[in-house]
Amino acid sequence: MANSMTLNIKNASTATQSFFIFQQPAGFTGGGTVYSTSLFNAPLLPYASSGAVLTVSLVQQPGHAYAGAQQSATAPAVGQIAGGTTAMQDMTLSAPGAQTPNTTQLSTDPLGLSPAIYSTAPAAGTFRIVIPSFNAALQQFNAGTAIANIDQSITLSSFVSALPLTNLDCQPTLILYVQTGVEPARTIVDFTAVSQNAARCDFTPGYASYAVTYAANGTWSVTPYLTKRLPDGREVLVPANL
C-alpha cells in the first residue's frame, strides 16, 4: 500500500475552475454531530490552454491514522474555519490478535494528545481518544481524525465536539472527494451537500494515486493507479484496471 494519497487533477473545461478536496467522514462512537472540513482549495486553468495539472498528496501510512484535537473559540458550524491550536498523534488501528498503539489521551490545559498506547477496548479498524473532564460551558474542543499535509501542517478532516469524560472511538476512511467551488482549507463543509456529483476516490484497495479530470459538461472521470515493481527493481505507476 502507498504511504500517501495523491490526486492529480486536470481541468478539461473551457474556463478556470476552483477545486477543493475533502475526506469521507470517519465513523464515530462517543460523540455527537460529525463535521467535515475542506483539506485543500486552489484554482486551475483549463488544461488545453495551460497544460496545468493540480497535484495534492496527503500522508497516509498503511494501517495507521492520525488522531487530531483542537481548541476552538466557538462551537463548529458549516462555513466557519476550524482553526485554533491543533494537536496530532500517529495511531495504529486496532487489529485482531495484535497489541497496537491505538489509544491517546487528550489534555486540555495546555492542549495536547499523548503518545499512543495499547488498550483492549477499541474495535478493529478504530482508534480511541480519551477525553478528560473540562468545563464544556467555557471551553470548546474538537476531536477526531486528522490529515498530515506534506508541508507538516495539520487539518482535522472530520471531527465531533468533544464531551467531558468520554471515550471517542474513530473509524477513519480512505476516501477522498474532489469538488468545484471555493472552500478554503479548514473550512467546515456540509458533507452531504458537497459530495453530491463530486469525484470520489477510494484508496482503500491500496491505490497510490488517482487521475481526476473535470469535463466541460460538469462530469468527472477518475482513474486509480497502482505502484508496480519492475524486474529491474524500479517502481512505476500503472492504471489499476490493466
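The values are calculated or read from the model by the stated rules, or taken from the named source; none is laboratory data. On a predicted model such as this, the values are computed, not experimentally measured, just so you know. Cβ coordinates were reconstructed from backbone atoms using ideal geometry, including for glycine residues, and neighbour counts include every protein chain displayed.
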Completion exercise
Checked the range 225-242 for anything within 22 Å of residue 44 (Cβ to Cβ) and either in contact (Cβ under 8 Å) with a residue 40 or more places away in the chain or surrounded by 18 or more Cβ atoms within 10 Å (Cβ to Cβ) (or both); matches are 225
Practice task
Please tell me if residue 146 is buried (at least 16 other Cβ atoms within 10 Å of the Cβ) and either of a type in the set (A, V, I, L, M, F, W, C) or assigned to a strand (DSSP E or B) (or both).
Solution key: yes
Practice task
Answer yes or no as to whether residue 126 is modelled with pLDDT of 95 or more, within 30 Å of residue 55 (Cα to Cα) and not aliphatic (A, V, I, L, M).
Solution key: yes
Practice task
Being within 18 Å of the chain's Cα centre (by Cα) and polar (S, T, N, Q) is the filter; apply it to the range 197-219 and report the residue that is nearest to residue 49 (Cα to Cα).
Solution key: 209
Problem - The one condition in (1) over 28 Å from residue 237 (Cβ atoms); (2) without any contact (Cβ under 8 Å) to a residue 40 or more places away in the chain; (3) exposed (fewer than 15 other Cβ atoms within 10 Å of the Cβ); (4) touching a strand residue (DSSP E or B) at 6+ places or on another chain (Cβ under 8 Å) that residue 97 fails to fulfil - result: (4)
Exercise for the section: Return a yes/no flag: does the range 169-186 have any residue that is more than 18 Å from the chain's Cα centre (by Cα) and either surrounded by 14 or more Cβ atoms within 10 Å (Cβ to Cβ) or not in a loop (DSSP other than H, G, I, E, B) (or both). Expected result: no
Exercise for the section: Could you tell me whether the range 10-21 includes any residue that is touching a residue at least 60 places away in the same chain (Cβ under 8 Å), more than 17 Å from the chain's Cα centre (by Cα) and over 27 Å from residue 197 (Cα atoms)? Expected result: no
Practice task
Being touching a Leu at 6+ places or on another chain (Cβ under 6 Å) and among the β-branched types (Val, Ile, Thr) is the filter; apply it to the range 1-36 and report the residue that is nearest to residue 220 (Cα to Cα).
Solution key: 9
